[in-house]
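J.: Please see the structure below; I have some questions.
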Amino acid sequence: MDIAVSRSSRVDHSAKYVLRKLPHVTALFWALKIIAVTLGETGSDEFAIQLKFGYFACAISFLVFFLVAVGFQLRAKRFHPSIFWTVIFSTSIAGTAFSDLMDRGIGHSGTVTKNGIGYGPGALILTSLLVIIFLVWWRTGQTYDVEKIATLKGEILYWTAILVSNTLGTASGDWFAHGTGLGFRNAFFIIAGIMLVLLIAHYVTNINSMVLFWLAFILTRPLSAAAGDSITKPVSEGGLGLGALWGSVALAGVLAALVAYQTWQIRRHPLDLLPAPTNRLTGEPQRPNGQVVLAYGPHPDQMVEASKSASR
């Protein structure tokens, strides 16, 4: 007898679940996030500054790249590491270009020009925009828990917040390095220290885990910006002098290897299911944007087939 069919007699077929679209927040998640956004920083610098495409052209091009990538992510029915981390990378490279365009002005200068508003004002504007996004998110009734997002509206809010936070990270990272006179390396160590405090707070305090997550998520962008600048900028400016091109190549190789590892890991140990989503404020059921399945089957493909079998 087919295992899926035999199990169907022992479960409640009215209980529907959803395949996860977003990964669990683990050490691997943070490692991939830092590398992906650091690559976005160095890649944007290579195109905008070294190849002299300029911030405006890069911002528009990378925005299109982001929209295409996030379109694939929103249409997917389950978590695909290659798609997910491509979107994260696209938010970083687009956010870097938009931040530099706003702060430094039109052109390809590596410093603030008369057409730019500066790093401090840029960071303040983007912080205000991010606060507005979180307020809107709260009013929609979508969950703030990034491991339990299972609706199209919730995922759109998630990606919007990530795009803005990565844009903010570029401005705040540049402000730390230039506006305070700390330099790239000192800024990196200070931000890393703040993130260590957040990690300790996660284990020894009762502070809401999602508050700590978003604070850490935002801070990984200036951390990555400082790290990217430390790798690519000249020694005279506090960097290692590798250049944007070779720094980007090295980061891309590490990112590809870790994404391949996560893909292999997911195939061996599929992510657990999410319950069918409901509105946080009203309790009303919501339309899930992942594949709806039954609560059995050792592999997502078997879960889907079991669901089809039970519906016949």
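J.: For Leu129, what accessible area in Å² do you get when you roll a 1.4 Å probe over the heavy atoms of the protein chains, rounding to the nearest 10?
T.: About 80 Å², ignoring ligands and nucleic acids.
J.: So for Phe56, Phe84, Phe98, what's the accessible-area order with a 1.4 Å probe, most first?
T.: Phe56, Phe98, Phe84
J.: Taking a 1.4 Å probe, which of Trp175, Trp30, Trp159 shows the most accessible area, and what order do the others take after it?
T.: From most exposed to least exposed: Trp175, Trp30, Trp159.
J.: Within the range 267-294, what residues put their amide N at less than 15 Å from the label point 7 Å along the Cα-to-Cβ vector of Thr26?
T.: It comes to 267-273, nothing else.
J.: Can you compute log10 of I(q)/I(0) for the range 42-124 with the Debye formula, treating each Cα as one identical point scatterer, at q = 0.16, 0.20, 0.23, 0.25 Å⁻¹?
T.: Log10 I(q)/I(0), no solvent term: -0.61, -0.82, -0.97, -1.07.
J.: Further, regarding this structure: Taking 0.36 nm per intervening residue step and subtracting the Cα-Cα distance, what contour gain separates Ser128 from Phe189 on full extension?
T.: Length difference between fully extended and current span is 19.4 nm.
J.: Roughly what would the spin-label model give for Leu212 and Phe53, points 7 Å off Cα along C-beta, in nm?
T.: Modelled inter-label distance: 3.9 nm.
J.: Considering only the other residues whose Cβ falls under 12 Å of the Cβ of Arg280, what net charge follows from Lys and Arg at +1 and Asp and Glu at -1?
T.: Summing Lys/Arg as +1 and Asp/Glu as -1 gives +1.
J.: Follow-up question, since we're still on this one. Would you calculate the separation in nanometres between label points at Ile117 and Leu245, each defined as 7 Å from the Cα along the Cα-to-beta-carbon direction?
T.: Placing both labels 7 Å beyond Cα along the Cβ direction yields 3.5 nm.
J.: With the crude spin-label approximation of a point 7 Å out along Cα→Cβ, what separation in nm comes out for Ile200 versus Leu281?
T.: Calculated label separation equals 3.8 nm.
The values are calculated or read from the model by the stated rules, or taken from the named source; none is laboratory data. Quick caveat: nothing in here was measured; it's all calculated off a predicted structure. All Cβ positions, even for glycine, are placed from backbone atoms using ideal geometry, and neighbour counts span all protein chains on display. Remember, those area values only see protein heavy atoms, side chains included, never the ligands or the DNA or RNA. Shrake-Rupley method; radii C 1.70, N 1.55, O 1.52, S 1.80 Å.
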